[in-house]
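Novice: Here it is: the structure, laid out below.
Just so you know, all these numbers are worked out from the coordinates, no wet-lab data involved. Please read these numbers as outputs of a predicted model, since none were measured by experiment. Every residue, glycine as well, gets a Cβ built from its backbone with ideal geometry; the counts of neighbours run over all protein chains shown.
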Amino acid sequence: MNQQQFCFCTLALGKVYRALAGLLAKDLELYSPNTAFIILTDCPQEFSKYPQVLAFQHQQQGVKCYHDKRFAIAKALSLFNSCIFIDSDMRILAPVSEEIEWLLEPGISARACMDMSKKFAKALGTTNKKFAREIEVIKEAAQFLNLDPEWENVTFVHEYLFSVTKSTGKEIEFLETWSILAKYFELNGVYEGEGNAIGLAAYKAGLPVRWSQMSGISFFNNKTELIKIQKGQSNMDEMLTYFEEHERIAHPKRSILGKIVLKLSKAIMHLYRAIKYRVEWQEEKL
């Protein structure tokens, strides 16, 4: 596949994620210099020094920002045939292949995914109220969309790294349905786990979802890397610099007072957005 037919994209809102996205932009400049990197961010001017970055203004739309990833994908697909969404706190470790065969197939390719039925099986007998509520809302959302609840046909997508390739307009229905589900999940108090919405929206739109090794892309994700280290598939000494850079930016040292202020400000903003979101929804219904 010609590099110009696809791009990378991400969402970078707030100082921390903009800084992390800057590291990722440097990686792509080094390892995939001919590939555009689309970033939706609240401060586009911070990315003006990166030649391949196309930064677009974006203000958070949801109560939390997780479902806002769909806007980055929509922007990317308005410019390219395929896009690879990558979380802004990840890194690229080696040259990106110029022949990415798995991008040629229409639909979604995910580095990690699972049958929704397996996720439901995990809920059996759970004492985790948050997880139980998430499963309940997934079921309600499926009924809301008039989906046949055959969970073996729905795939949950771990959203940190996946691609979308156009499929005769099905990708448009996918994004539109994701928007509906984003609102549905958040109005029902489920703000994370956007992989649920991705899976349901893709199923509704008839957009294929498949697991992919994503050969040609070597990446660092702090959570998955720890699992690989535990399994003996990676080496902490070799990855230490990446862990340290991530920790330095994602969790800067703060005083006790600073931590309290930060926690309170996040709680206040969350409450404000939740109220605003519900008010806007009520106004739309009138």
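Novice: How high is the relative contact order of the chain, given as a whole-number percent (alpha carbon pairs under 8 Å, six or more residues apart)? The partial results should precede the final answer.
Specialist: Details: 438 pairs, mean separation 62.8, N = 286.
Normalised by residue count, the contact order of the chain is 22 percent.
Novice: A follow-up question, please. Quick check on my link table: of LYS26/LYS118; LYS231/LYS253; LYS139/LYS231; LYS69/LYS204; LYS26/LYS253; LYS119/LYS183, which ones sit more than 28 Å apart, alpha carbon to alpha carbon? Show your work: numbers first, answer last.
Specialist: Details: LYS26/LYS118 38 Å; LYS231/LYS253 30 Å; LYS139/LYS231 34 Å; LYS69/LYS204 19 Å; LYS26/LYS253 24 Å; LYS119/LYS183 22 Å.
Over 28 Å apart, Cα to Cα: LYS26/LYS118; LYS231/LYS253; LYS139/LYS231.
Novice: Give the relative contact order (percent, whole number) for the stretch 34-160; include only Cα pairs under 8 Å separated by 6+ residues.
Specialist: Once divided by the residue count of the stretch 34-160, the mean separation gives 20 percent.
Novice: Once label points are set 7 Å from the Cα along Cα→Cβ at both GLU29 and GLU140, what is their separation, rounded to one decimal in nm?
Specialist: Distance between the two pseudo-spin positions: 4.7 nm.
Novice: Also, I was wondering about something else. Suppose only helical runs count, i.e. DSSP H with n ≥ 4. What mean residue ellipticity at 222 nm does that imply for the chain under -39500 (n - 2.57) per run, divided by all residues and rounded to the nearest 500 deg cm²/dmol?
Specialist: On the way: 9 runs with 133 residues, N = 286.
Helix-only estimate at 222 nm: -15000 deg cm²/dmol.
Novice: Quick check: pseudo-label points 7 Å beyond the Cα along Cα→Cβ at LYS15 and GLU247, how many nm apart are they?
Specialist: 2.1
Novice: Over the stretch 134-207, what relative contact order in percent results from Cα pairs under 8 Å that are six or more residues apart? Display every interim value, and only then the final one.
Specialist: Numbers: 63 pairs, mean separation 33.7, N = 74.
It rounds to 45 percent for the stretch 134-207.
Novice: Pull up all non-local amide H partners of SER234: gap of 5 or more, or a different chain, and H-to-H distance under 5 Å with H placed in the peptide plane.
Specialist: Here ILE229 satisfy the definition.
Novice: Semi-axes of the equivalent ellipsoid for the stretch 1-123, please: Cα gyration tensor eigenvalues, times 5, square-rooted, ordered largest first, whole Å.
Specialist: Computed over the stretch 1-123, the values are 23, 20, 14 Å.
Novice: Magnitude of the Cβ-charge dipole of the chain, K/R +1 and D/E -1, about the Cα centre, nearest 20 debye? The partial results should precede the final answer.
Specialist: Details: 35 positive and 34 negative charges, 227 e Å.
It works out to roughly 1100 debye.
Novice: Net charge around SER215, counting only other residues with Cβ within less than 12 Å of its Cβ (Lys, Arg = +1; Asp, Glu = -1)?
Specialist: Numbers: positive: ARG111; negative: GLU99, GLU101.
Neighbourhood net charge equals -1.
Novice: Along the Cα→Cβ direction, 7 angstrom out, place labels at LEU240 and GLU173. What is the inter-label distance in nm?
Specialist: Between LEU240 and GLU173, the label points sit 5.3 nm apart.
Novice: Which helices count as membrane-span-like in the chain under these terms: full DSSP H, at least 15 Å along the axis by C-alpha, Kyte-Doolittle mean of -0.5 or more? Walk me through the numbers on the way to the answer.
Specialist: Values: long enough: 15-31 (24 Å, 0.37); 129-144 (22 Å, -0.38); 170-187 (26 Å, 0.13); 194-205 (16 Å, 0.21); 236-250 (20 Å, -0.70); 256-285 (44 Å, -0.11).
Passing helices, by number: 15-31, 129-144, 170-187, 194-205, 256-285.
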